[in-house]
Amino acid sequence: MNAEDRLYTIALNLIPGVGAVRFAALVDYFGSPLAAWEASPTALRDLNFPKKVYDAFLQVRAELDLVSFFADTEQKGIAILTATDEAYPHRLKSIDNPPPVIYMLGKVVPQDEWAVAIVGTRKFTHYGREVAEEMAAFLARNGVTVVSGLARGVDSIAHRAALDAGGRTIAVLGSGVDIIYPPENRTIADEIISQGAVISDYPPGTPPDGINFPPRNRIISGLSLAAVVVEAGERSGASITANYALEQGREVFAVPGNIYSPQSKGTNRLIRDGAHPLLSPEDLLDALNLTMVTEQQTARMVLPGNALEAAIFEVLGQEPVHVDQIGIQAGLPIEQISSTLALMELKGMVRQVGGMRYIAVREAKAAYYVDTEKDE
(Lines give C-alpha, C1' and ligand atoms only; values in the text may rest on other atoms or scores of the structure.)
Protein backbone atom coordinates (compact mmCIF):
# COMPACT_ATOMS: atom_id res chain seq x y z
CA MET A 1 0.00 0.00 0.00
CA ASN A 2 1.39 3.39 -0.96
CA ALA A 3 1.44 6.36 1.39
CA GLU A 4 -1.63 7.93 -0.22
CA ASP A 5 -3.77 4.82 0.17
CA ARG A 6 -2.56 4.39 3.75
CA LEU A 7 -3.62 7.96 4.49
CA TYR A 8 -7.11 7.42 3.13
CA THR A 9 -7.45 4.03 4.80
CA ILE A 10 -7.13 5.95 8.05
CA ALA A 11 -9.55 8.61 6.82
CA LEU A 12 -12.19 6.00 5.94
CA ASN A 13 -11.76 4.44 9.39
CA LEU A 14 -12.80 7.74 10.95
CA ILE A 15 -16.30 7.41 9.47
CA PRO A 16 -18.73 5.97 12.05
CA GLY A 17 -20.15 2.69 10.79
CA VAL A 18 -17.28 1.91 8.39
CA GLY A 19 -15.61 -1.11 9.93
CA ALA A 20 -13.65 -3.94 8.35
CA VAL A 21 -16.51 -5.29 6.21
CA ARG A 22 -17.69 -1.95 4.83
CA PHE A 23 -14.11 -0.81 4.31
CA ALA A 24 -13.49 -3.93 2.21
CA ALA A 25 -16.69 -3.28 0.26
CA LEU A 26 -15.60 0.30 -0.48
CA VAL A 27 -12.14 -0.72 -1.67
CA ASP A 28 -13.46 -3.65 -3.73
CA TYR A 29 -16.02 -1.43 -5.43
CA PHE A 30 -13.92 1.67 -6.08
CA GLY A 31 -10.49 0.05 -6.42
CA SER A 32 -8.55 1.90 -3.71
CA PRO A 33 -9.05 3.81 -0.45
CA LEU A 34 -8.36 7.10 -2.24
CA ALA A 35 -10.92 6.36 -4.95
CA ALA A 36 -13.47 5.40 -2.28
CA TRP A 37 -12.82 8.59 -0.34
CA GLU A 38 -13.31 10.70 -3.46
CA ALA A 39 -16.37 8.82 -4.75
CA SER A 40 -19.40 10.84 -5.74
CA PRO A 41 -22.53 10.75 -3.56
CA THR A 42 -24.35 8.96 -6.39
CA ALA A 43 -21.67 6.24 -6.60
CA LEU A 44 -21.70 5.80 -2.82
CA ARG A 45 -25.45 5.18 -2.90
CA ASP A 46 -24.82 2.18 -5.15
CA LEU A 47 -23.30 0.35 -2.17
CA ASN A 48 -26.64 0.48 -0.33
CA PHE A 49 -25.09 1.39 2.99
CA PRO A 50 -27.56 2.41 5.71
CA LYS A 51 -28.54 6.07 5.40
CA LYS A 52 -26.89 6.78 8.75
CA VAL A 53 -23.54 5.53 7.43
CA TYR A 54 -23.98 7.32 4.10
CA ASP A 55 -24.73 10.62 5.84
CA ALA A 56 -21.78 10.14 8.22
CA PHE A 57 -19.48 9.51 5.25
CA LEU A 58 -20.43 12.81 3.60
CA GLN A 59 -20.21 14.73 6.87
CA VAL A 60 -16.79 13.38 7.87
CA ARG A 61 -15.41 13.93 4.38
CA ALA A 62 -16.57 17.53 4.43
CA GLU A 63 -15.30 18.32 7.93
CA LEU A 64 -12.19 16.18 8.46
CA ASP A 65 -8.87 17.96 8.90
CA LEU A 66 -6.34 15.14 8.63
CA VAL A 67 -3.41 17.40 9.52
CA SER A 68 -5.03 18.31 12.83
CA PHE A 69 -6.03 14.69 13.45
CA PHE A 70 -2.47 13.40 13.03
CA ALA A 71 -1.07 16.24 15.12
CA ASP A 72 -3.50 15.39 17.93
CA THR A 73 -2.72 11.66 17.90
CA GLU A 74 1.00 12.35 17.84
CA GLN A 75 0.69 14.69 20.81
CA LYS A 76 -1.14 11.98 22.74
CA GLY A 77 1.50 9.39 21.82
CA ILE A 78 -1.00 7.27 19.89
CA ALA A 79 0.44 5.03 17.18
CA ILE A 80 -1.73 4.37 14.12
CA LEU A 81 -1.26 1.06 12.31
CA THR A 82 -2.95 -0.12 9.13
CA ALA A 83 -3.23 -3.81 8.27
CA THR A 84 -0.47 -3.42 5.66
CA ASP A 85 2.06 -1.94 8.10
CA GLU A 86 4.92 -4.18 9.21
CA ALA A 87 4.29 -3.32 12.88
CA TYR A 88 0.63 -4.46 12.70
CA PRO A 89 0.29 -7.63 14.83
CA HIS A 90 0.79 -10.60 12.52
CA ARG A 91 -1.60 -12.88 14.36
CA LEU A 92 -4.41 -10.32 14.12
CA LYS A 93 -3.62 -9.80 10.44
CA SER A 94 -4.34 -13.49 9.77
CA ILE A 95 -8.05 -13.38 10.76
CA ASP A 96 -10.86 -12.82 8.27
CA ASN A 97 -11.48 -9.09 7.78
CA PRO A 98 -8.85 -7.81 10.22
CA PRO A 99 -9.42 -4.25 11.42
CA PRO A 100 -8.10 -1.97 8.64
CA VAL A 101 -6.72 0.39 11.29
CA ILE A 102 -5.80 -0.01 14.94
CA TYR A 103 -4.76 2.68 17.40
CA MET A 104 -2.25 1.90 20.11
CA LEU A 105 -0.70 3.31 23.25
CA GLY A 106 2.36 1.34 24.27
CA LYS A 107 4.01 -1.22 22.03
CA VAL A 108 3.42 -4.67 20.56
CA VAL A 109 6.64 -6.69 20.33
CA PRO A 110 7.53 -10.05 18.72
CA GLN A 111 7.14 -11.75 22.12
CA ASP A 112 3.41 -10.97 21.93
CA GLU A 113 2.96 -13.61 19.23
CA TRP A 114 2.80 -15.95 22.25
CA ALA A 115 -0.41 -14.58 23.75
CA VAL A 116 -3.47 -16.03 25.47
CA ALA A 117 -6.74 -14.22 26.12
CA ILE A 118 -8.23 -14.47 29.61
CA VAL A 119 -11.81 -13.22 29.81
CA GLY A 120 -14.78 -13.59 32.09
CA THR A 121 -17.69 -12.04 33.90
CA ARG A 122 -17.72 -8.70 35.67
CA LYS A 123 -19.62 -10.31 38.56
CA PHE A 124 -16.96 -12.81 39.54
CA THR A 125 -16.90 -15.12 42.55
CA HIS A 126 -13.99 -15.65 44.94
CA TYR A 127 -13.27 -18.84 42.97
CA GLY A 128 -13.20 -16.88 39.71
CA ARG A 129 -10.79 -14.34 41.15
CA GLU A 130 -8.40 -17.03 42.36
CA VAL A 131 -8.42 -18.87 39.04
CA ALA A 132 -7.96 -15.70 36.95
CA GLU A 133 -5.06 -14.56 39.12
CA GLU A 134 -3.36 -17.93 39.04
CA MET A 135 -3.77 -18.40 35.29
CA ALA A 136 -2.62 -14.90 34.35
CA ALA A 137 0.36 -14.89 36.71
CA PHE A 138 1.47 -18.36 35.59
CA LEU A 139 1.29 -17.41 31.90
CA ALA A 140 3.13 -14.13 32.49
CA ARG A 141 5.93 -15.86 34.41
CA ASN A 142 6.29 -18.28 31.50
CA GLY A 143 6.70 -15.56 28.89
CA VAL A 144 3.13 -15.63 27.55
CA THR A 145 1.38 -12.29 27.00
CA VAL A 146 -2.06 -11.97 28.62
CA VAL A 147 -4.74 -10.33 26.47
CA SER A 148 -8.05 -9.08 27.85
CA GLY A 149 -10.56 -6.25 27.62
CA LEU A 150 -9.84 -4.04 30.67
CA ALA A 151 -13.44 -4.50 31.80
CA ARG A 152 -14.41 -4.73 35.45
CA GLY A 153 -14.14 -8.19 36.93
CA VAL A 154 -12.10 -11.03 35.47
CA ASP A 155 -10.50 -8.86 32.75
CA SER A 156 -9.04 -6.41 35.24
CA ILE A 157 -7.94 -9.22 37.55
CA ALA A 158 -6.07 -10.91 34.69
CA HIS A 159 -4.31 -7.69 33.63
CA ARG A 160 -3.30 -6.92 37.23
CA ALA A 161 -1.97 -10.43 37.89
CA ALA A 162 0.10 -10.37 34.69
CA LEU A 163 1.58 -6.98 35.60
CA ASP A 164 2.36 -8.05 39.16
CA ALA A 165 4.12 -11.15 37.81
CA GLY A 166 6.35 -8.91 35.69
CA GLY A 167 4.82 -10.04 32.41
CA ARG A 168 3.34 -8.36 29.38
CA THR A 169 -0.35 -7.71 28.86
CA ILE A 170 -2.51 -6.15 26.14
CA ALA A 171 -5.87 -4.47 26.72
CA VAL A 172 -8.37 -4.11 23.89
CA LEU A 173 -10.93 -1.34 24.36
CA GLY A 174 -14.45 -0.66 23.15
CA SER A 175 -13.63 3.06 23.08
CA GLY A 176 -10.80 5.23 21.82
CA VAL A 177 -7.47 4.49 23.48
CA ASP A 178 -7.55 8.00 24.94
CA ILE A 179 -10.81 7.31 26.78
CA ILE A 180 -10.24 4.60 29.36
CA TYR A 181 -13.35 2.74 30.42
CA PRO A 182 -14.20 2.02 33.14
CA PRO A 183 -12.58 5.23 34.43
CA GLU A 184 -11.33 3.61 37.64
CA ASN A 185 -8.98 1.53 35.46
CA ARG A 186 -6.97 4.58 34.41
CA THR A 187 -4.07 3.63 36.71
CA ILE A 188 -3.88 0.03 35.53
CA ALA A 189 -4.13 1.22 31.91
CA ASP A 190 -1.06 3.40 32.44
CA GLU A 191 0.81 0.38 33.78
CA ILE A 192 -0.30 -1.73 30.83
CA ILE A 193 1.02 0.90 28.43
CA SER A 194 4.44 0.59 30.07
CA GLN A 195 4.39 -3.24 30.03
CA GLY A 196 2.42 -3.92 26.87
CA ALA A 197 -0.20 -2.03 24.93
CA VAL A 198 -3.70 -0.58 24.98
CA ILE A 199 -5.34 -1.16 21.59
CA SER A 200 -8.58 -0.20 19.86
CA ASP A 201 -9.91 -0.13 16.33
CA TYR A 202 -12.12 2.82 17.32
CA PRO A 203 -10.62 6.25 16.58
CA PRO A 204 -9.40 8.43 19.45
CA GLY A 205 -12.22 10.33 21.05
CA THR A 206 -14.73 7.49 20.60
CA PRO A 207 -16.74 7.19 23.83
CA PRO A 208 -17.58 3.78 25.30
CA ASP A 209 -20.83 2.44 23.92
CA GLY A 210 -22.56 -0.88 24.49
CA ILE A 211 -22.55 -1.71 20.77
CA ASN A 212 -18.75 -1.29 20.61
CA PHE A 213 -17.85 -4.06 23.03
CA PRO A 214 -19.00 -7.26 21.27
CA PRO A 215 -17.07 -6.43 18.04
CA ARG A 216 -13.88 -5.59 19.93
CA ASN A 217 -13.91 -9.14 21.33
CA ARG A 218 -12.81 -10.48 17.95
CA ILE A 219 -9.61 -8.45 18.36
CA ILE A 220 -9.01 -9.97 21.80
CA SER A 221 -9.24 -13.48 20.33
CA GLY A 222 -7.49 -12.45 17.10
CA LEU A 223 -4.37 -11.38 18.99
CA SER A 224 -4.24 -14.67 20.88
CA LEU A 225 -3.30 -18.29 20.42
CA ALA A 226 -6.25 -19.30 22.57
CA ALA A 227 -9.04 -17.90 24.70
CA VAL A 228 -9.56 -18.91 28.33
CA VAL A 229 -13.01 -18.23 29.78
CA VAL A 230 -12.81 -18.19 33.58
CA GLU A 231 -16.42 -17.43 34.56
CA ALA A 232 -19.29 -16.38 32.33
CA GLY A 233 -23.05 -16.21 32.37
CA GLU A 234 -25.04 -17.94 29.66
CA ARG A 235 -25.06 -14.73 27.62
CA SER A 236 -21.90 -12.75 28.12
CA GLY A 237 -19.11 -10.93 26.37
CA ALA A 238 -16.73 -13.71 27.39
CA SER A 239 -18.86 -16.24 25.51
CA ILE A 240 -18.83 -13.93 22.48
CA THR A 241 -15.03 -13.88 22.64
CA ALA A 242 -15.04 -17.69 22.75
CA ASN A 243 -17.24 -17.82 19.65
CA TYR A 244 -14.93 -15.45 17.78
CA ALA A 245 -11.96 -17.57 18.83
CA LEU A 246 -13.56 -20.68 17.37
CA GLU A 247 -14.35 -18.87 14.11
CA GLN A 248 -10.71 -17.75 13.91
CA GLY A 249 -9.36 -21.25 14.47
CA ARG A 250 -8.14 -20.52 17.99
CA GLU A 251 -8.37 -22.99 20.84
CA VAL A 252 -10.99 -22.34 23.51
CA PHE A 253 -10.56 -23.35 27.14
CA ALA A 254 -13.17 -22.99 29.87
CA VAL A 255 -12.80 -23.35 33.62
CA PRO A 256 -15.38 -25.79 35.05
CA GLY A 257 -17.52 -24.46 37.85
CA ASN A 258 -20.38 -25.17 40.22
CA ILE A 259 -23.39 -26.26 38.16
CA TYR A 260 -25.63 -24.13 40.40
CA SER A 261 -23.56 -20.96 40.06
CA PRO A 262 -24.82 -18.38 37.51
CA GLN A 263 -21.20 -17.40 36.88
CA SER A 264 -20.39 -20.93 35.70
CA LYS A 265 -23.34 -21.56 33.41
CA GLY A 266 -21.51 -20.11 30.40
CA THR A 267 -18.24 -21.95 31.00
CA ASN A 268 -19.93 -25.27 31.70
CA ARG A 269 -21.98 -24.86 28.52
CA LEU A 270 -18.80 -24.16 26.53
CA ILE A 271 -17.27 -27.39 27.86
CA ARG A 272 -20.42 -29.30 26.96
CA ASP A 273 -20.17 -27.88 23.44
CA GLY A 274 -16.53 -28.90 22.97
CA ALA A 275 -14.27 -26.38 24.72
CA HIS A 276 -11.26 -27.81 26.55
CA PRO A 277 -11.91 -28.05 30.30
CA LEU A 278 -9.03 -26.20 31.94
CA LEU A 279 -7.99 -27.87 35.17
CA SER A 280 -4.55 -26.29 35.62
CA PRO A 281 -2.39 -23.64 33.94
CA GLU A 282 0.13 -26.35 33.05
CA ASP A 283 -2.54 -28.01 30.90
CA LEU A 284 -2.78 -24.81 28.86
CA LEU A 285 0.96 -24.68 28.18
CA ASP A 286 1.02 -28.35 27.20
CA ALA A 287 -2.00 -28.10 24.88
CA LEU A 288 -0.59 -25.08 23.05
CA ASN A 289 3.02 -26.30 22.94
CA LEU A 290 4.03 -23.32 25.09
CA THR A 291 6.22 -25.19 27.55
CA MET A 292 9.35 -23.72 25.92
CA VAL A 293 8.17 -20.19 25.16
CA THR A 294 11.37 -18.48 26.33
CA GLU A 295 13.52 -20.85 24.28
CA GLN A 296 11.24 -20.40 21.26
CA GLN A 297 11.40 -16.61 21.53
CA THR A 298 15.21 -16.67 21.77
CA ALA A 299 15.51 -19.10 18.88
CA ARG A 300 13.24 -17.00 16.68
CA MET A 301 15.43 -13.95 17.34
CA VAL A 302 18.81 -15.61 16.72
CA LEU A 303 17.81 -18.17 14.08
CA PRO A 304 16.02 -16.32 11.29
CA GLY A 305 14.08 -18.21 8.64
CA ASN A 306 15.93 -19.38 5.53
CA ALA A 307 15.26 -21.12 2.23
CA LEU A 308 15.64 -24.56 3.81
CA GLU A 309 12.98 -23.85 6.44
CA ALA A 310 10.74 -22.44 3.71
CA ALA A 311 11.15 -25.61 1.63
CA ILE A 312 10.17 -27.78 4.60
CA PHE A 313 7.21 -25.55 5.46
CA GLU A 314 5.91 -25.97 1.90
CA VAL A 315 5.67 -29.70 2.56
CA LEU A 316 4.19 -29.66 6.06
CA GLY A 317 0.60 -29.04 7.07
CA GLN A 318 -1.72 -30.41 9.74
CA GLU A 319 -1.40 -34.02 8.55
CA PRO A 320 1.71 -35.79 9.90
CA VAL A 321 4.50 -36.36 7.36
CA HIS A 322 7.43 -38.74 7.96
CA VAL A 323 10.90 -37.22 7.89
CA ASP A 324 11.84 -39.40 4.90
CA GLN A 325 8.85 -38.17 2.93
CA ILE A 326 9.71 -34.57 3.83
CA GLY A 327 13.18 -35.12 2.34
CA ILE A 328 11.74 -36.62 -0.83
CA GLN A 329 9.15 -33.87 -1.36
CA ALA A 330 11.58 -31.06 -0.52
CA GLY A 331 14.34 -32.65 -2.62
CA LEU A 332 16.89 -32.33 0.18
CA PRO A 333 19.31 -34.72 1.95
CA ILE A 334 17.89 -36.37 5.04
CA GLU A 335 20.69 -35.06 7.30
CA GLN A 336 19.80 -31.46 6.35
CA ILE A 337 16.11 -32.16 6.94
CA SER A 338 16.73 -33.66 10.39
CA SER A 339 18.95 -30.84 11.67
CA THR A 340 16.64 -28.13 10.30
CA LEU A 341 13.56 -29.78 11.79
CA ALA A 342 15.28 -29.77 15.20
CA LEU A 343 15.80 -26.01 14.98
CA MET A 344 12.27 -25.41 13.65
CA GLU A 345 10.84 -27.39 16.57
CA LEU A 346 12.83 -25.26 19.02
CA LYS A 347 11.43 -22.14 17.33
CA GLY A 348 7.88 -23.43 17.76
CA MET A 349 7.35 -23.77 14.00
CA VAL A 350 6.85 -27.54 13.77
CA ARG A 351 5.92 -30.33 16.13
CA GLN A 352 6.94 -33.97 16.14
CA VAL A 353 3.89 -36.15 16.73
CA GLY A 354 5.66 -39.48 17.07
CA GLY A 355 7.42 -41.95 14.80
CA MET A 356 9.58 -39.23 13.22
CA ARG A 357 6.45 -37.63 11.77
CA TYR A 358 5.99 -33.86 11.83
CA ILE A 359 3.25 -31.30 11.43
CA ALA A 360 3.44 -27.53 11.03
CA VAL A 361 2.33 -25.53 14.06
CA ARG A 362 -0.82 -23.86 12.80
CA GLU A 363 -0.03 -20.33 13.97
CA ALA A 364 3.51 -20.44 12.58
CA LYS A 365 2.11 -21.64 9.26
CA ALA A 366 -0.38 -18.77 9.23
CA ALA A 367 2.39 -16.24 9.88
CA TYR A 368 4.45 -17.87 7.12
CA TYR A 369 1.60 -17.44 4.65
CA VAL A 370 1.20 -13.79 5.64
CA ASP A 371 4.92 -13.17 5.06
CA THR A 372 5.03 -14.98 1.71
CA GLU A 373 1.90 -13.20 0.46
CA LYS A 374 3.49 -9.89 1.45
CA ASP A 375 6.58 -10.71 -0.63
CA GLU A 376 4.60 -11.56 -3.77
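Search the range 126-151 for residues being of a type outside the set (S, T, N, Q) and over 21 Å from Pro256 (Cα atoms), and hand back the single one that is nearest to the chain's Cα centre (by Cα).
The selected residue is Gly149.
Only one residue in Ile240, Ile193 is assigned by TED's automatic domain parsing to the domain that holds Thr121, surrounded by fewer than 24 Cβ atoms within 10 Å (Cβ to Cβ) and under 21 Å from Asp164 (Cα atoms), so which one is that? Lay out the reasoning, then the answer.
On the way: Ile240 fails: under 21 Å from Asp164 (Cα atoms).
Only one candidate passes the filter, namely Ile193.
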Within the range 71-87, residues touching a strand residue (DSSP E or B) at 6+ places or on another chain (Cβ under 8 Å) and assigned to a helix (DSSP H, G or I) come out as Thr73
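Only one residue in Pro277, Pro256, Pro281, Pro215 is out of contact with any His (no Cβ under 9 Å at 6 or more places or on another chain), modelled with pLDDT under 90 and farther than 30 Å from Lys76 by Cβ. Which one?
Numbers: Pro277 fails: modelled with pLDDT under 90; Pro256 fails: modelled with pLDDT under 90; Pro215 fails: farther than 30 Å from Lys76 by Cβ.
That would be Pro281, the only listed residue that is out of contact with any His (no Cβ under 9 Å at 6 or more places or on another chain), modelled with pLDDT under 90 and farther than 30 Å from Lys76 by Cβ.
Within the range 246-253, does at least one residue satisfy the condition of being at pLDDT 95 or above, of a type in the set (D, E, K, R) and surrounded by fewer than 22 Cβ atoms within 10 Å (Cβ to Cβ)? Break it down into steps so the answer makes sense when it comes.
Keep residues of the range 246-253 that are at pLDDT 95 or above, which gives none.
No, there is no match, as no residue in the range 246-253 is at pLDDT 95 or above, of a type in the set (D, E, K, R) and surrounded by fewer than 22 Cβ atoms within 10 Å (Cβ to Cβ).
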Could you tell me which residue of the range 233-284 is farthest from Gly149 (Cα to Cα), considering only residues that are of a type in the set (Ser, Thr, Tyr) and part of a helix (DSSP H, G or I)? Ser264
Here is a check on your reading of the model: is Ala162 closer than 20 Å to Glu130 by Cβ, crowded, with 24+ Cβ neighbours inside 10 Å and in contact with a helix residue (DSSP H, G or I) (Cβ under 8 Å, 6 or more places away or on another chain)? yes
Hey, Asp112 hits all of (1) modelled with pLDDT under 95; (2) in contact with a Leu (Cβ under 7 Å, 6 or more places away or on another chain); (3) not in a loop (DSSP other than H, G, I, E, B) but one; which does it fall short on? (2)
Give just the number: which of (1) modelled with pLDDT under 95; (2) surrounded by fewer than 16 Cβ atoms within 10 Å (Cβ to Cβ) does Leu58 not satisfy? (1)
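Inside the range 152-232, counting only helices (runs of 4 or more DSSP H) that do not spill past its ends, which hold 3 or more residues that are under 18 Å from Ala242 (Cβ atoms)? Quick ask: steps written out before the conclusion?
On the way: elements: 154-164, 186-194, 213-222.
Counting at least 3 such residues, we get 154-164, 213-222.
What number of residues in the range 311-333 are assigned to a loop (DSSP other than H, G, I, E, B), surrounded by fewer than 17 Cβ atoms within 10 Å (Cβ to Cβ) and at pLDDT 85 or above?
Restricting attention to the range 311-333, the residues satisfying the condition of being assigned to a loop (DSSP other than H, G, I, E, B) are 316-320, 331-333.
Of the ones still in play, those that are also surrounded by fewer than 17 Cβ atoms within 10 Å (Cβ to Cβ) are 317-320, 331-333.
If we keep only those that are at pLDDT 85 or above too, we end up with 320, 331-333.
Matching residues across the range 311-333 total 4.
The values are calculated or read from the model by the stated rules, or taken from the named source; none is laboratory data. Being a predicted model, the structure only gives us computed values, none of them experimental. Virtual Cβ from ideal backbone geometry, glycine too; neighbours counted across all protein chains shown.
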